[in-house]
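Taking it in order: structure first as structure tokens, then the write-up.
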Amino acid sequence: MDKLIITCAISGAEVTKTDNPYVPYTVSEMAEEAYLAHQAGAAIIHLHVRNDDGTPTQSKHRYQETIDAIRKRCPDVIIQPSTGGAVGMSRNQRLEPTELDIEMATLDCGTLNFGGDDIFVNTENDIIYFAKTLKERNIFPELECFEKGHIDSVLRLHKKGFIHAPLHFSFVLGVNGGMAGEERDFHFLRESIPKDATYSVAGIGRYEFPLAELSILHGGHVRVGLEDNIFIEKGKLAEGNQALVKKVVELAQKHGRPIATPDEARVLLRFKEMR
Ligand code: KMH
Ligand code: ZN
């Protein structure tokens, strides 16, 4: 089995310090959380940025400041800005960080309810537009799929030439409005993608570690972080992103799966083969 690529989603756009005081807002908090996660074994930092008051922003200036601060602390880590942003943001707002010198970003592959009255909108034209923009800017997309229909959309758009190989999926499971993260859901999704595609799994809330372990066992990769889950165990808040990454590393050790460095992750995901 390949080495395990761990992504840490350090901040997200929705979770707040009221939920967990370790959620980073400021540039220096972001850099510290990214550094600690990387030290523990994260090869990729999935990044949303915030204003100092915690409100989400897709400002390319704020991303640049944050990326510079992270690169100062851990120059080799892969930084993966979000193009999902927060619910309600426009296409152009969401794409702002792709104007920067980055090697990877998310590409959200379908619309879904997002709890309460929220809808996370990703129309087919949005997906095509985002895919085209990332391709033109030579940015490697991680294909965020919140349910099986999103995978089907990716495969159709790939066939039509809008989404290009190498295909690297992220199954984000357990969002209120998306697919749950039970074991059968995981198997259904991993069996639905092409044999030469890679995938990572992000379990929301209580699904985080059970899905991480399944993915470790079946050759997939793993995303954890305060964006997805604020607890280290039932009822106990995680004391930062590092604790969540460490727990995945322990699971990987238990199952004999070594951890990939950022450079090994670049090779495993085939960054150089973008075509
Ligand atoms: N914050 C969510 C609305 C992504 O980063 O690409 C979208 C999200 C997905 O987190
Ligand atoms: Zn995100």
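Restricting the calculation to Cα atoms, the stretch 1-124 yields a radius of gyration followed by a Dmax of 14.3, 43 Å.
Placing +1 at every Lys and Arg Cβ and -1 at every Asp and Glu Cβ, with all other atoms neutral, what dipole size does the chain have around its Cα centre, in debye to the nearest 20?
Details: 32 positive and 40 negative charges, 147 e Å.
That gives the chain a dipole magnitude of about 700 debye.
Size check on the stretch 18-83: the Cα extents along the three principal axes, sorted descending, read 28, 26, 19 Å. With a simple spin-label model that places each label point 7 Å from the Cα along the Cα-to-Cβ direction, the separation between Val267 and Glu250 comes to 3.0 nm. With q set to 0.12, 0.17 Å⁻¹, the log10 of I(q)/I(0) for the stretch 120-275, from the Debye formula over equal scatterers at the Cα positions, is -0.54, -1.06. Coupling constants for the stretch 161-177 follow from the phi torsions by the Karplus curve (6.51 cos²θ - 1.76 cosθ + 1.60, θ = phi - 60°), and in residue order they are x, 8, 10, 10, 6, x, 8, 10, 9, 10, 8, 9, 10, x, 5, 5, x Hz; glycine and proline get x.
Accessible surface for Ser153 stands near 30 Å², nearest 10, in the context of the full protein assembly shown (1.4 Å probe).
Stretched out straight at 0.36 nm per residue, the stretch from Glu14 to Glu65 would grow longer than its current Cα-Cα span by 16.3 nm. Database remark: amide H of Ser170 closer than 5 angstrom to the amide H of Leu143, Glu144, Cys145, Ser200 (H placed geometrically; neighbours at sequence offset of 5 or more, or on other chains; Pro and chain starts carry no H).
Which of the aspartates and glutamates could be linked to Lys247 by a straight reach, that is with a Cα gap under 15 Å, when you skip same-chain ones fewer than 8 residues away? Excluding near neighbours in sequence, the set is Glu208, Glu213, Asp228, Glu233, Glu239. Karplus-based coupling profile of the stretch 56-73, in residue order and whole Hz: x, 9, 10, 4, 5, 5, 5, 4, 4, 4, 5, 4, 4, 5, 5, 5, 5, 7, with θ = phi - 60° in 6.51 cos²θ - 1.76 cosθ + 1.60 and x standing for Gly or Pro.
Based on the inverse mean of 1/r over its pairs of different Cα atoms, what is the Kirkwood hydrodynamic radius of the chain, in Å? List each step's numbers first, then the result.
On the way: mean 1/r = 0.0550 Å⁻¹.
Here the Kirkwood hydrodynamic radius works out to 18.2 Å.
Protection proxy ranking, highest mean first, for peptides 137-145, 57-65: 137-145, 57-65, where packing is the per-residue count of other beta-carbon atoms within 10 Å, averaged.
Remark: the Lys148-Glu124 segment gains 7.1 nm on full extension, using 0.36 nm per residue and subtracting the alpha carbon distance. Excluding same-chain neighbours fewer than eight residues apart, the lysines reachable from Lys195 by a Cα-Cα span under 25 Å are Lys3, Lys132, Lys135, Lys148, Lys159, Lys160, Lys272. If the chain linking Asn113 and His218 were pulled fully straight, counting 0.36 nm for each residue of separation and taking away their Cα-Cα distance, it would gain 34.9 nm.
Taking label positions 7 Å along the Cα-Cβ direction at both Arg91 and Lys160, the computed distance is 1.3 nm, reported to one decimal.
The values are calculated or read from the model by the stated rules, or taken from the named source; none is laboratory data. For clarity, every value in this text was computed on a predicted model and none was experimentally measured. All Cβ positions, even for glycine, are placed from backbone atoms using ideal geometry, and neighbour counts span all protein chains on display. The accessibility values were calculated without ligands, DNA or RNA, using every heavy atom of the protein model including side chains. Shrake-Rupley method; radii C 1.70, N 1.55, O 1.52, S 1.80 Å.
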